[in-house]
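A short worksheet on the structure shown next.
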Amino acid sequence: MSDRTAAQADSVLAGSSKASFLRRLLPFLGPAFIASVAYVDPGNYATNIQAGAQFGYTLLWVIFASNLIAILVQSMSAKLGIATGLNLAEHCRLSYPPWAVKSLWVMMEIVAMATDLAEFIGAAVGIQLLFGLPLWAGGLITAVATFLILGLERFGFRPLEAVITGFVAVVALCYLVETFLDRPEWAALALAVIKPSLPNKDAVLLAVGILGATVMPHAVFLHSALTQNRIRPSDSGGLKRLFRFELVDVFIAMGIASFVNAAMLVMAAATFHRGGLSDVGTLEKAYVTLEPLLGKAASVVFGVSLLASGLSSSTVGTSAGQIIMQGFIKRHIPVWLRRLITVVPAMAVIIAGLDPTRTLVISQVLLSFGLPLTIYSLLRFTSDRKKMGELANGRATNILLGASTVLVSVLNIYLIVATVLG
């Protein structure tokens with residue numbers, strides 16, 4: 001943070017700033033926008049488009065329910081970093097027995113790799129669709145581009161935040177355009193939001209995928225690290241004011257992410273499902289089919305948004321992987337090496353010719369299996385008054401976090417049983 005921005009933040013937290021609310025808010029915006037990138041990554045495209053094409057607006061309620069959980073979880077993650085100066089992975093290392101720490105680290109590394117697989121492939125597909133290049137070439141370009149974006153960290157986190165926020169803005173703008181182009185049925189859309197249903201096992205699979213693509217474990221770990229030493233108030237009053245500003249950051253960022261996810265599903269429902277094209281289950285087919293249905297602009301906008309989503313989320317995923325390793329086992333590897341390690345499985349999928357969209361959906365389902373332990377750990381630490389002081393959770397917050405953990409666990413168990421028993 002620049003000296004000027006830090007001085008502005010200190011003035012606001014001390015209560016001496018006379019600026020407008022927006023100007024007082026600006027120094028605190030950023031962490032939630034970085035974390036929100038995980039909520040609009042290519043995995044969301046795959047699950048939301050399949051959900052909309054197959055079931056119309058039926059699963060729209062899952063997106064909003066998932067986003068409510070996301071707001072709660074990311075707020076608690078941010079609060080943990082603000083109150084304690086340590087991130088979630090560091091708390092796990094200091095509080096759990098060694099065998100549990102190593103097991104959690106391995107699980108979260110797998111989750112991080114599954115995340116990066118989805119994001120890398122998504123960006124490669126976006127390049128392929130827009131420029132007609134082979135998928136492997138799109139993969140190489142994605143690798144180089146993310147290296148360059150990650151290089152901005154040497155200039156501090158503000159330039160990286162600005163670039164990532166710019167990518168999020170591009171994705172949001174693209175889907176604002178798509179929403180106007182596809183002219184959804186607003187009455188049916190509203191009914192789907194207030195009348196939840198899961199018609200069959202495929203709907204459950206997609207619902208779990210949507211949840212896994214929306215509330216992502218690596219974003220929870222990342223957010224606590226983004227706030228842990230960003231601004232350090234000198235007293236408890238400053239801590240409380242800082243957390244209130246961070247809540248605004250979370251609500252704005254997650255609100256945008258919720259709109260984008262809903263717009264993805266609405267686009268698929270209003271074009272493919274309404275047009276009798278329920279088999280549009282891949283990103284490539286969605287891109288090609290949008291042009292005759294809505295015009296050339298729609299397909300180009302879709303490709304641009306997918307590329308922006310893939311590049312930004314892949315960059316953030318790599319940073320999250322670094323935080324997870326450093327927090328759990330106090331090891332640090334160069335960013336270029338982590339980027340190279342995560343590129344290998346993605347390029348292997350591309351070279352093997354596996355269906356990119358199906359790979360994305362499966363990766364999102366895998367992510368949801370890492371959520372229960374992540375949310376449980378967050379609940380345990382943020383409810384500890386010795387660690388959190390005056391920012392410790394109240395009873396209502398603990399109940400909501402506990403209910404979220406149970407919900408995710410039940411959905412995963414149901415998915416396993418339904419899949420095994422057919």
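The values are calculated or read from the model by the stated rules, or taken from the named source; none is laboratory data. If you're wondering where the values come from, they're calculated on a predicted model, not measured in any experiment. Cβ coordinates were reconstructed from backbone atoms using ideal geometry, including for glycine residues, and neighbour counts include every protein chain displayed.
Considering only residues that are of a type outside the set (D, E, K, R) and under 14 Å from SER312 (Cα atoms), which ones fall in segment 90-126?
Correct list: THR115, LEU117, ALA118, PHE120, ILE121, GLY122, ALA123, ALA124, GLY126.
Mind listing whichever residues of segment 40-65 are assigned to a helix (DSSP H, G or I) and surrounded by fewer than 24 Cβ atoms within 10 Å (Cβ to Cβ)?
GLN54, TRP61, PHE64, ALA65, listed by residue number.
So that you can scan it fast, the table gives a plain yes or no per residue for (1) farther than 20 Å from GLN50 by Cα; (2) β-branched (Val, Ile, Thr):
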site: VAL111; (1), (2): yes, yes
site: LEU129; (1), (2): no, no
site: ALA169; (1), (2): yes, no
site: ALA190; (1), (2): no, no
site: LEU211; (1), (2): no, no
site: MET216; (1), (2): no, no
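Could you identify the single residue in LEU181, LEU150, LEU176, LEU140 that is hydrophobic (A, V, I, L, M, F, W, C) and buried (at least 19 other Cβ atoms within 10 Å of the Cβ)?
LEU150
Under 7 Å between Cβ atoms, which residue pairs at least 6 apart in sequence (or on different chains) link something in segment 84-108 that is within 17 Å of ILE375 (Cα to Cα) with a partner that is charged (D, E, K, R)?
Taking only residues 6 or more apart or on different chains, the pairs are VAL101/ARG93.
How about segment 175-196: which of its residues are at pLDDT 80 or above and of a type in the set (A, V, I, L, M, F, W, C)?
TRP186, ALA187, ALA188, LEU189, ALA190, LEU191, ALA192, VAL193, ILE194
Please work out which one of (1) in a helix (DSSP H, G or I); (2) more than 22 Å from PRO31 (Cα to Cα) is the condition LEU133 fails and give its number.
Of (1) in a helix (DSSP H, G or I); (2) more than 22 Å from PRO31 (Cα to Cα), only one is false for LEU133: (1).
Among the residues of segment 147-170, is any assigned to a helix (DSSP H, G or I), more than 21 Å from the chain's Cα centre (by Cα) and among the basic types (Lys, Arg)?
Within segment 147-170 (the criterion being assigned to a helix (DSSP H, G or I), more than 21 Å from the chain's Cα centre (by Cα) and among the basic types (Lys, Arg)), the answer is yes, since at least one residue qualifies.
Filter segment 371-422 down to the residues that are modelled with pLDDT under 75 and not in a helix (DSSP H, G or I) and list them by number.
Residue satisfying the conditions is GLY422 alone.
Go through (1) under 25 Å from ARG183 (Cβ atoms); (2) at pLDDT 85 or above; (3) not acidic (Asp, Glu) one by one and return the number of the condition ILE69 breaks.
(1)
Would you check which residues across segment 209-235 are surrounded by fewer than 24 Cβ atoms within 10 Å (Cβ to Cβ) and modelled with pLDDT under 80 and list them?
Scanning segment 209-235 gives ASN229, ARG230, ILE231, ARG232, PRO233, SER234, ASP235.
Restricting attention to segment 138-153, which residues are farther than 18 Å from GLY122 by Cα, touching a helix residue (DSSP H, G or I) at 6+ places or on another chain (Cβ under 7 Å) and without any contact (Cβ under 8 Å) to a residue 60 or more places away in the chain?
Passing the criteria: only LEU152.
For segment 158-171, what are the residues that are crowded, with 19+ Cβ neighbours inside 10 Å and of a type in the set (A, V, I, L, M)?
LEU160, ILE164, VAL168, VAL171
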